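The values are calculated or read from the model by the stated rules, or taken from the named source; none is laboratory data. Quick caveat: nothing in here was measured; it's all calculated off a predicted structure. Note: ideal-geometry Cβ built from the backbone for every residue, glycine included; neighbour counts use all protein chains shown. For accessibility, only protein heavy atoms count, side chains too; no ligands or nucleic acids. Shrake-Rupley method; radii C 1.70, N 1.55, O 1.52, S 1.80 Å.
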Amino acid sequence: MTFNDDSFMLKNQPAHRLYHRIKDLPIYDFHCHLDPREIYENRPYDNIVDLWLGGDHYKWRLMRANGIPEEEITGKAPKLSKFKAWVKTVSRAYGNPLYHWSHLELQQVFGVSEPLAEKNAEELYRHLNTVLQEKQITPRKLIKDARVTFIGTTDHPLDDLKWHKALRDDQSFETVVAPTFRPDEAFIEHRNFGDFVHRLAEKTHRTIAHFDSFVAALEDRIAYFAQVGCLASDISFTEICFEMASKEELDALLQASLAGQIPSVSDIRKWQTAIFVELCRLYKQYGLVTQVHFGALRNNHTDLFRRLGADVGVDSIGEQIHLTSHLNQLLDYLVQVDYLPKMIWYNLNPVYNIALANTLANFQANEKGIKSQLQFGAGWWFNDTKLGMVEQMNAYAEQGMLTNFIGMLTDSRSFLSYQRHDYFRRILASYIGQWIVDEEVPEDYQALGEMVEAISYHNAKQFFEE
């Protein structure tokens with residue numbers, strides 16, 4: 001039995017045939033956190049730590065669980081020390097997806113097939129740095145080698161999109177890199193809300209004194225993003241809520257928040273409902289796919305948050321009551337006022353998988369022939385694991401049309417994360433292959449092959465571009 005060979009994660013014979021259909025397909029990476037400036041400047045990496053560990057809070061979180069001091073995670077320890085600390089951690093992280101991802105990355109990018117081992121860490125460190133230098137590995141090379149045709153970054157509403165424009169005009173680079181509109185700061189509970197309103201007013205040359213003028217300023221920025229090639233929006237909510245308010249209430253909430261008053265839970269819900277409804281109207285008008293991530297409790301370790309900032313590996317899965325009640329009301333209202341855009345819903349708490357897939361199925365009706373216009377997004381963050389992916393596909397298949405699923409996304413800050421798509425494709429092939437083994441579907445490799453091909457690439461391309 002060999003670890004990480006051609007049969008890796010392929011659990012049955014049909015899986016091998018199905019995986020052969022999809023292993024070399026391109027990647028349509030519609031949501032990630034890559035920096036477009038790094039793609040444009042395309043500087044070669046000279047140290048594996050910068051490429052493999054820089055900004056990766058998945059890895060930082062695991063290293064803390066292994067007792068690694070912060071100095072060797074996010075501190076100023078020598079790079080070799082950080083690398084050894086990571087190998088010490090991941091080499092024994094059996095059952096964690098980082099163990100699988102890391103070995104796939106080493107094999108597919110660097111040609112290293114031996115399992116990670118602490119005793120060989122220093123030798124491996126030297127070898128990987130030699131490969132980086134000899135092959136002149138850059139962001140664009142990693143993107144090209146992974147056959148990525150599209151990248152959707154995540155961008156602040158006030159970004160000038162300078163680097164996206166530069167990439168668009170660079171004829172030497174074939175991959176499309178498009179911005180994604182991410183207006184987290186447009187919600188009154190955000191710590192930067194007041195500053196955001198001030199900067200938005202300056203950027204759009206508008207006076208923002210009430211709700212309507214705030215929305216008009218947001219539309220200016222959405223229109224600008226669309227002009228630069230934006231195909232999607234994104235937002236992260238702790239909870240999904242639906243609580244209507246009058247324009248007078250919303251005007252008062254805006255003024256109170258700008259004056260520094262702390263909003264109540266009801267205030268937050270009213271503002272979130274109103275702004276999100278208006279954003280959906282604009283997203284539909286400008287043809288943007290609306291992505292919603294929900295259920296994360298962020299920055300829970302106060303000391304690390306103060307020292308290091310957000311997105312450092314101290315976030316958790318949240319929960320809420322009355323999820324389906326709020327979500328049904330929200331989606332129903334969007335249908336009633338004809339504001340419902342194409343949407344992707346990413347759920348962080350797997351307890352709600354079936355409830356979410358079931359609710360989305362209520363609102364799939366449309367006269368444009370859009371297949372599954374409300375998508376149940378792939379296992380997100382703590383769920384982009386083998387079990388998380390399978391549970392998400394189980395809920396999607398049982399409550400909707402899995403054949404219309406738009407598949408995997410990277411959702412990463414690392415250029416070494418494209419192997420996650422291969423990981424997903426192996427799991428997908430085994431998942432559908434098991435249906436054949438269990439005689440739950442006909443042994444029709446043409447039809448099922450087309451299905452896994454669509455999920456792996458074609459559905460996403462069609463969903464975002466048509």
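Assign unit charges at the C-beta atoms only (+1 for Lys and Arg, -1 for Asp and Glu), then state the dipole size of the chain relative to its Cα centre in Debye, rounded to the nearest 20.
960 debye
For the chain, place one equal point scatterer on every Cα, skip the solvent, and apply the Debye formula. What is log10 of I(q)/I(0) at q = 0.07, 0.09, 0.10, 0.11 Å⁻¹?
-0.38, -0.63, -0.79, -0.96
Quick one: check the C-alpha center-to-center distance for the range 395-428 versus the range 48-87, whole angstrom.
Result: 27 Å between the Cα centres.
In debye, nearest 20, what is the charge dipole magnitude of the range 1-144 about its Cα centre with +1 on Lys and Arg Cβ and -1 on Asp and Glu Cβ, if you could check?
240 debye
Select from Leu34, Ala429, Ala447 the residue farthest towards the positive end of the dipole of the chain; place +1 on Cβ of Lys and Arg, -1 on Cβ of Asp and Glu, and compute about the Cα centre.
Value: Leu34.
Using only DSSP helix segments of four residues or longer, with each worth -39500 (n - 2.57), what per-residue ellipticity at 222 nm results for the chain after dividing by its residue count and rounding to 500?
Dividing the helical sum by the residues of the chain leaves -15000 deg cm²/dmol.
Under 5 Å between amide H atoms, partner at least 5 residues away or on a different chain: which partners does Glu243 have, H built in plane at 1.01 Å?
Long-range HN contacts for Glu243: Thr273.
Per the 1.4 Å probe, what fraction of the accessible area of the chain, in percent, lies on carbon and sulfur atoms?
About 47 percent, which is the carbon plus sulfur part of the accessible surface.
Using each residue's phi in the range 109-124, evaluate 6.51 cos²θ - 1.76 cosθ + 1.60 at θ = phi - 60° and report the 3J(HN,Hα) Karplus result to the nearest Hz, with x for Gly and Pro.
9, 10, x, 9, 9, 6, x, 4, 8, 4, 5, 9, 4, 5, 5, 5
Which residue, Asn192, Trp86, Leu158, has the largest displacement toward the positive end of the dipole of the chain when charges sit on each Cβ (Lys, Arg +1; Asp, Glu -1)?
Trp86
Where only protein heavy atoms count, and the probe is 1.4 Å, what is the accessible area per residue for the chain in Å²?
About 44 Å² of surface per residue is accessible.
Treating the beta-carbon of each Lys and Arg as +1 and of each Asp and Glu as -1, no other charges, what is the dipole magnitude of the range 380-466 about its Cα centre, to the nearest 20 debye?
Computed charge dipole of the range 380-466: roughly 540 debye.
Can you compute the modelled spin-label distance between Glu466 and Ile321, with each label point 7 Å from Cα toward Cβ, in nm?
4.4 nm
Return the long-range amide H neighbours of Val289 (sequence gap of 5 or more, or a different chain), with a cut-off of under 5 Å between placed amide H atoms.
HN-HN under 5 Å from Val289: Ala232, Ser233.
For Val148, what residues show an amide H to amide H distance below 5 Å, using hydrogens built from the backbone and excluding near sequence neighbours?
Result for Val148 returns Ile27.
Please list log₁₀ I(q)/I(0) at q = 0.11, 0.12, 0.14 Å⁻¹ for the range 1-147, using the Debye equation with identical point scatterers on the alpha-carbon positions.
Relative scattering, expressed as log10 I(q)/I(0), comes to -0.48, -0.58, -0.79.
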